[in-house]
Amino acid sequence: MKQVVQNYKSGELAVLDVPVPGCKPGGVLVRSAYSLISTGTELMKVSEAGMSMLGKARSRPDQVAKVMQSVATNGVPATYRKVMGKLDSYTPLGYSLCGVVEQVGAGIDDVKAGDLVACAGNEHALHAELNWVPKNLYTPVPDGLAPRHAAFGTVGSIALQGVRQGESKLGEVALVIGLGLIGQLVVQLLAASGVRVVGADPDPERCELAERLGAAACGDPASPAVEAAVAELTGGLGVDQVYLAAGGGSNQPVELAARLCRDRGRVVDIGKCRLDLPWNAYYEKELDVRFSRSYGPGRYDPEYELEGRDYPIGYVRWTERRNLACFLDLLARGSVDVEPLVSRIADFDDAVETYQSLKSGELKAVAVLFRYPGHAGEADAPAVAVPAVKRPVGAVPGPARAARTPVRLAFVGAGNYATSMLLPHLAQRDGVELSAVVTTTALSAANAQRKFGFAEATTDLDAVLGDKSIDAVFVVTRHSSHAELTRKALLAGKTVFVEKPLALTEDELAGVLAAVEESGNDRLQVGFNRRFAPVLREARQRFGARSGPASLRYLVNAGRLQHGSWYLRESTEGSRFAGEGGHFIDTASWLLDADPVSVYTVATPGNEDLQVVLRYPDGSTATISYVTTGPAGFPKETLDLVADGRALRLDDFVRATVHDGRGKWVSSRLPKARDKGQNAELAAFVKAVRTGGPMPVPLDSLVATTAATLAVQSGLVTGAPVTLARAR
C-alpha cells in the first residue's frame with residue numbers, strides 16, 4: 001500500500017510503498033476514502049523538517065534536553081546513533097480521516113466490514129491507503145454524511161474540546177484569535193451554542209469566511225476594528241472568553257487576549273502560540289488561563305487509546321471518542337458546515353506536490369483533502385471487498401539445523417533498541433543476510449528496510465515464520481509479547497534471539513519451555529549482553545578463579561522515566577525491573593559462575609528503589625541496588641566484586657580495575673563509548689546459528705535468570721525470601 005511520509009533529517013516528502021498493517025485485536029482495518037491535511041500542525045512539522053540541524057534544535061529545546069541527558073547516561077556515540085536513527089527515518093503525516101472498515105479485529109462488535117467510520121490519531125489515522133485504528137479512536141459516520149465531511153472529525157474534535165474548556169454559556173461573547181482551520185471551526189461551534197463571536201486574523205479572506213460562517217465581526221488584530229467590535233457587543237466590559245487558535249512566535253495573541261477579556265474572564269489555548277503572559281495584565285483581571293489538550297479526555301492515555309478502556313460516562317462525559325461522535329452529529333444535522341473550508345481536494349498520488357505547494361505559499365488554503373483511489377465519485381460510500389486472511393505455511397517443528405552461509409535473519413519489531421543497538425552491527429557483518437522485518441506498523445518496517453537493507457518488509461508474521469529459508473528470528477518487540485512470539489518461533493523450528501525479558505509471568509515462562517519440549521528446539525538466546533562486554537570480560541579474566549565465596553554489589557542508577565513511556569504501563573508490560581532486571585542478575589550470575597538459589601527483595605515506598613539480594617550455592621551473595629531517584633549525572637552502572645583478597649570494580653563499562661595483593665590492574669580498554677557487549681553477543685549468536693554449535697548462553701542459565709527476575713516481584717508481595725526450586 002502507499003503512505004505519505006517525511007524524513008525529518010532531510011525534509012524529504014514521499015509517497016512510499018509500505019506493508020499493509022495487520023488487523024490486531026481491539027481495532028479495525030480501515031481503507032481510507034478521504035484524509036484531511038491539518039494546514040496548521042502538519043505544515044509546522046513539514047517546515048521544521050526543512051530547517052538546519054541548528055534550527056531544529058532551536059525549535060525543540062525540549063528534545064535537546066533529552067539528548068543531553070542521554071549523552072550523560074549512554075555517551076556521545078550511542079546517543080548520536082540513536083538521534084540520527086530517529087532523524088534519518090521516515091515519519092508519518094496525518095491524523096484525521098474517513099474510510100471504510102475492511103477487516104474487524106477480535107473484540108470489536110460495534111462496526112462490521114463495509115461500515116463507514118471517521119478515525120483519529122497521529123499514529124492511526126494517517127495519510128495512508130490502509131490504517132489499523134483502535135476502538136476508542138474511530139466512530140461510525142451518521143447516515144447521509146458525506147465521507148469528505150466526516151474526514152474533518154479529528155480537527156472538529158480539537159475545536160470542540162477547546163470550546164468545552166471555555167465553558168461557554170448562551171448569550172456570552174467570545175473572541176477567537178486565529179482564523180485558520182481550527183479557528184473557523186471554533187467560530188461555528190460557538191455560534192451554534194448561542195455565543196456571539198468576534199474573530200481576529202490578519203488575513204482578510206479568512207475574516208470574511210468567518211463572518212459568513214457565523215462570526216458577528218472580524219478584523220485584523222492590529223487594527224482598532226476588533227477592539228471596537230468587542231466594545232460594542234459587550235458594552236465595554238470585555239469578552240467572556242478568548243480562544244487562542246493562532247500559531248507562530250508572536251506574543252501579540254496573549255497580549256490582545258488580556259486587553260479585550262473581561263474581569264475574571266477565561267483564556268483558552270488551543271493552538272501553539274507564544275505564551276509569555278504579561279503578569280500585570282493577567283493578574284489585575286485575575287484571568288483564568290486554560291489549556292485544551294487535543295481531542296479530549298483519553299488523549300495520551302495508552303490504556304484508553306490502545307487498550308480500549310473507556311472512562312465511565314458518569315465521571316467523564318466527553319471523551320475523545322464521544323467528542324468525535326458529537327462533532328459528526330453536528331455535521332450531519334447541519335449545525336456546522338465544513339464545505340466552505342475545503343480549499344482543494346487533491347488526489348492521494350499528488351500528495352508530495354500538494355504539500356510543497358502549501359509550504360511554498362503557492363496554495364493558500366484553510367483545509368485540503370486527499371482523495372484516495374476508488375473514491376472519485378463520492379456520493380455513495382464505497383463497498384470494499386474484505387480480503388481473505390493469509391494462513392501460515394506450516395513449518396515442521398524440530399531442532400534447528402546448522403545454517404548455510406549467509407545466515408538469513410528475520411526481525412520481529414524495529415523500534416529504537418533494534419535500530420540503534422542491534423541492526424547497525426548485523427547490517428555490517430559478513431555472512432549475514434537480513435531477509436525480512438515484521439512490524440505491526442507498516443512505516444516502521446519500511447524504515448528498517450530502507451536503512452538496513454532487508455529484502456522484505458511485511459506485517460505478516462505467519463508468513464515469515466513459515467519461510468523455511470529463514471534461519472533465525474529476532475524478537476525485539478514490547479515486553480508483553482516476548483514470550484508468545486518466542487513460543488511461536490520455536491515451534492516453527494527457528495533459532496530465536498529474544499530481547500529481555502523472556503517472560504513476564506511464570507505461566508509465560510512455562511509456555512516457552514513447553515514449546516521447547518514439544519518441538520525439541522532449544523535454540524534460544526535472550527539479549528543479556530553485558531556478560532559479553534569487552535572491558536568486563538577482560539577484568540573477569542584478570543580477577544581469575546576463586547576458591548571462597550564472593551560478595552558482589554551492583555548499583556544501577558536507572559533514573560526517572562519520561563511521562564508517557566510505555567515502560568510505565570505496568571499492568572500490561574510488567575514492572576520496570578521485570579523488564580530490565582534480568583540484565584543485572586545475569587551479569588552477577590556470570591561473574592559468580594552459578595545460578596541463584598534464593599532471592600530476597602526490599603523496596604522504598606511505591607517500589608521505586610529496590611534492593612535485591614541473591615544467594616548462590618557456594619554462599620556467595622550479590623546485592624543489586626536498582627534506584628530511580630539518583631542524580632542524572634551519576635554513572636548508570638557500577639559494580640564491585642570482592643573475594644579471596646581480591647577486588648574487581650566496573651565503572652559504567654568505560655573502565656575496570658582489579659586489585660590484589662600484588663598491586664592494581666587497570667583495563668587497557670578506555671573506549672570513547674560504553675561498549676555493553678551487543679556486538680560481541682551478536683557475533684556469538686550468528687556463529688552458533690551458522691555452525692549449529694552451542695548457544696552462547698545455556699538455556700538453563702536463561703531460565704534461572706528469568707525465574708530470579710520474576711521472584712523479585714513475588715518477594716515484594718510476601719516480604720520473605722523466595723527459594724528458586726529450578727536453580728541448579
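The values are calculated or read from the model by the stated rules, or taken from the named source; none is laboratory data. This structure is a prediction, so every number in the text was calculated from the model and none was measured. FYI the Cβ positions are ideal-geometry reconstructions off the backbone, even for glycines, and counts take in every protein chain you see. Calculation scope for accessible area: heavy atoms of the full protein, side chains included, ligands and nucleic acids excluded. Shrake-Rupley method; radii C 1.70, N 1.55, O 1.52, S 1.80 Å.
Brief remarks on what is shown
- Efficiency of FRET between Glu284 and Ala632 - r from beta-carbon atoms, R0 56 angstrom, step 0.05: 0.90
- Principal-axis analysis of the Cα atoms of the chain puts helix 576-592 at an angle of about 20° to the longest axis.
- Taking a sphere under 13 Å around the Cβ of Ala222 and counting the other residues whose Cβ falls inside, with K and R at +1 and D and E at -1, yields a net charge of -4.
- Remark: region 500-509, residue by residue, has Karplus-estimated 3J(HN,Hα) of 5, x, 5, 8, 9, 9, 5, 5, 5, 4 Hz, where x stands for each Gly or Pro and the curve is 6.51 cos²θ - 1.76 cosθ + 1.60 at θ = phi - 60°.
- Dividing the convex hull volume of the alpha carbon atoms of region 478-530 by its residue count gives 67 Å³ per residue.
- Relative contact order (%) - the chain, alpha-carbon pairs under 8 angstrom, separation at least six: 12 percent
- Accessible area of the chain belonging to carbon and sulfur atoms, whole % at 1.4 Å probe: 52 percent
- Region 83-146 and region 527-581 have Cα centres lying 39 Å from one another.
- Over region 459-578, the Kirkwood radius and the radius of gyration, each from Cα atoms, give a ratio Rg/Rh of 1.05.
- Kirkwood Rh (inverse of mean 1/r, distinct Cα pairs), region 260-374, angstrom: 18.4 Å
- Annotation for region 240-288: GluC sites (Glu not before Pro) lying in DSSP loop with at most 12 further Cβ atoms inside 10 Å of their Cβ are Glu286.
- Positive-end ranking of Val242, Gly298, Val230 along the dipole of region 218-307, with charges on Cβ about the Cα centre, is headed by Val230.
- Peptide packing: for 21-34, 264-277, the average count of neighbouring Cβ atoms within 10 Å per residue gives the ranking 21-34, 264-277, highest mean first.
- With distances taken between every two different alpha-carbon atoms, region 88-210 has a Kirkwood hydrodynamic radius of 16.3 Å.
- Under 12 Å from Lys135, Cα to Cα: aspartates and glutamates that are on another chain or at least 8 residues apart: Asp109, Asp110, Glu303, Glu305, Glu307, Asp310, Glu320
- Ranking Phe528, Leu485, Phe452 by how far each Cα lies toward the positive end of the dipole of region 429-557 (charges on Cβ) leaves Phe528 at the top.
- For the chain, alpha-carbon Rg over 2.2 N^0.38 Å: 1.09
- Cα gyration tensor of region 102-162 - equivalent ellipsoid semi-axes, whole Å, descending: 19, 14, 12
- The accessible area of Val516, taken with all protein chains in place and a 1.4 Å probe, comes to roughly 20 Å².
- In Å², nearest 10: area of Met421 left accessible to a 1.4 Å probe: 40 Å²
- Whole-Hz Karplus values for region 217-234 come out as 6, 9, x, 5, x, 7, 9, x, 4, 5, 5, 5, 5, 5, 4, 5, 6, 10 Hz, taken residue by residue from phi with 6.51 cos²θ - 1.76 cosθ + 1.60 and θ = phi - 60°; glycine and proline positions read x.
- Cα-centre dipole for region 289-331 with unit charges at Cβ (Lys and Arg positive, Asp and Glu negative), debye to 20: 240 debye
- Among the listed pairs Lys359/Lys451; Lys451/Lys687; Lys494/Lys687; Lys9/Lys676; Lys451/Lys500; Lys9/Lys636, those whose Cα-Cα separation exceeds 20 Å are Lys359/Lys451; Lys451/Lys687; Lys9/Lys676; Lys451/Lys500; Lys9/Lys636.
- If the convex hull is drawn through the Cα atoms of region 604-728, its volume per residue in Å³: 178 Å³
- Cα long-axis angle, helix 76-87 against the chain (0 to 90 degrees, to the nearest 10): 40 degrees
- Near Ser571: Cβ cut-off under 11 Å, other residues only, Lys/Arg at +1 and Asp/Glu at -1. The net charge is -2.
- In this structure the chain gives 42 Å² per residue of accessible area when probed at 1.4 Å with all protein chains present.
- Solitary cysteines of the chain, where the nearest other Cys Cβ is not under 4.7 Å: Cys23, Cys98, Cys119, Cys261, Cys273, Cys326
- Per-residue [θ]222 nm for the chain (sum of -39500 (n - 2.57) over DSSP H runs n ≥ 4, rounded to 500): -10000 deg cm²/dmol
- If only the Cβ of Lys and Arg carry +1 and only the Cβ of Asp and Glu carry -1, the dipole of the chain around its Cα centre is close to 2640 debye.
- For the chain, the longest principal axis of the C-alpha atoms and the axis of helix 61-74 are separated by about 0°.
- What you get for region 149-246, charging only the Cβ of Lys and Arg (+1) and of Asp and Glu (-1), is a dipole of about 340 debye around the Cα centre.
- Translational diffusion of region 299-347, µm² s⁻¹ [Kirkwood Rh, Cα pairs; Stokes-Einstein; 10 °C; 1.306 mPa s]: 120 µm²/s
- Among beta bridges that DSSP assigns inside the chain, antiparallel share in %, nearest 5: 55 percent
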